[in-house]
Amino acid sequence: QMLVVSDVELRKDHALIKDLIQLRQDVAQELQLPLEGRDVVVYVFADKSKYQKYLDKTYPGLPPRRAYFVGTPRELAVYTFWGDNIQEDLRHEFTHGLLHAQLKDVPLWLDEGLAEYFEVPRSTPNAVNPEYARKLGIAIANNWEPDLARLESLQDVIQMQRADYQEAWAWVHFLLHSSDDSHDLLLNHLQELRENPHPTPLSVALHDTLPEVNSRYLAHLASLNSVQPVSHQH
């Protein structure tokens, strides 16, 4: 289900390839999705300028980013270049590819939330993005309120700010790890998306199933911060 086209010679047993094969299994297992569907083609350019040149020609007008997933009826493609962030970037974009290979449609917030969630290697304690947990902790201290319905209304990546990625990541982490009820809600939602591109929004199902969902979400975030070792910067 993965085809890698690379300017840099990559053997099958290269750590990067092995990581993506493992990621595919992790996504399938954690989200209860079958290991099937369309191939995801990963294009690895030798350097940033070759990558940029190709994107400018093929998809003019895309804002500059280190990696892209582009899904069309013809191909599910991931583009990136060889560099320091390649593993993290490929994990993020390859997750998009796997989701789009399986589901009729992927709501933007969920697409980005899951890609951010699986960007963190499974060897990380609790699979937590410590920077996001910390920033959300600060936001909570400033009386920030989560709003899943607002996230669901975002239709275009250009509308998404950094804070939206953080909130989406935290919703995914909350749903998968907070309780059996929240876990089942997310997995059922994903199963529905395999057949129906427009199921009931998750925010509606959540409010019906989990009373006080926002305060539970905030409590879950607080617990994430308490498990993080704090690095003191002087």
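VAL78 satisfies every condition listed in (1) open to solvent by 30 Å² or more (accessible area, probe 1.4 Å); (2) within 18 Å of VAL157 (Cβ to Cβ) except (1).
Just so you know, in segment 108-133 the residues that are assigned to a loop (DSSP other than H, G, I, E, B) and touching a residue at least 60 places away in the same chain (Cβ under 8 Å) include one that is surrounded by the most Cβ atoms within 10 Å (Cβ to Cβ), and it is VAL128.
Before we move on, is ALA46 of a type in the set (Gly, Ala, Ser) and open to solvent by 50 Å² or more (accessible area, probe 1.4 Å)?
On the way: of a type in the set (Gly, Ala, Ser): yes; open to solvent by 50 Å² or more (accessible area, probe 1.4 Å): no.
The answer is no for ALA46.
Among the candidates PRO34, PRO73, PRO60, single out the residue that is surrounded by fewer than 16 Cβ atoms within 10 Å (Cβ to Cβ), under 19 Å from the mean Cα position of the chain (by Cα), of a type outside the set (S, T, N, Q) and in a loop (DSSP other than H, G, I, E, B).
Just a single option satisfies the conditions, and that option is PRO34.
Taking the criterion of being within 21 Å of ARG122 (Cα to Cα) and either among the hydroxyl-bearing types (Ser, Thr, Tyr) or outside any loop (DSSP other than H, G, I, E, B) (or both), would at least one residue in segment 146-163 satisfy it?
Quick first cut of segment 146-163, residues within 21 Å of ARG122 (Cα to Cα) only: none.
No, segment 146-163 contains no residue that is within 21 Å of ARG122 (Cα to Cα) and either among the hydroxyl-bearing types (Ser, Thr, Tyr) or outside any loop (DSSP other than H, G, I, E, B) (or both).
So which residues in segment 165-188 are open to solvent by 10 Å² or more (accessible area, probe 1.4 Å) and either in a helix (DSSP H, G or I) or over 19 Å from SER223 (Cβ atoms) (or both)? Working first, answer last.
Let us first name the residues in segment 165-188 that are open to solvent by 10 Å² or more (accessible area, probe 1.4 Å), namely 165-166, 176-181, 183-185, 187-188.
Passing the criteria: TYR165, GLN166, LEU176, HIS177, ASP180, ASP181, HIS183, ASP184, LEU185, LEU187, ASN188.
Evaluate segment 8-23: report whether one residue or more is small (Gly, Ala, Ser), assigned to a loop (DSSP other than H, G, I, E, B) and farther than 30 Å from GLN191 by Cβ. So far as segment 8-23 goes, no, none of its residues is small (Gly, Ala, Ser), assigned to a loop (DSSP other than H, G, I, E, B) and farther than 30 Å from GLN191 by Cβ. Picking from residues in segment 149-164 that are at pLDDT 95 or above and in contact with a Pro (Cβ under 8 Å, 6 or more places away or on another chain), the one that is surrounded by the fewest Cβ atoms within 10 Å (Cβ to Cβ) is ALA149.
The values are calculated or read from the model by the stated rules, or taken from the named source; none is laboratory data. Remember, it's a predicted structure, so these values are computed and weren't measured experimentally. With ideal geometry, Cβ positions are generated from the backbone for all residues, glycine too; neighbour counts draw on all protein chains shown. What goes into the accessible areas is simple: the full protein's heavy atoms, side chains included, and nothing from ligands, DNA or RNA. Shrake-Rupley method; radii C 1.70, N 1.55, O 1.52, S 1.80 Å.
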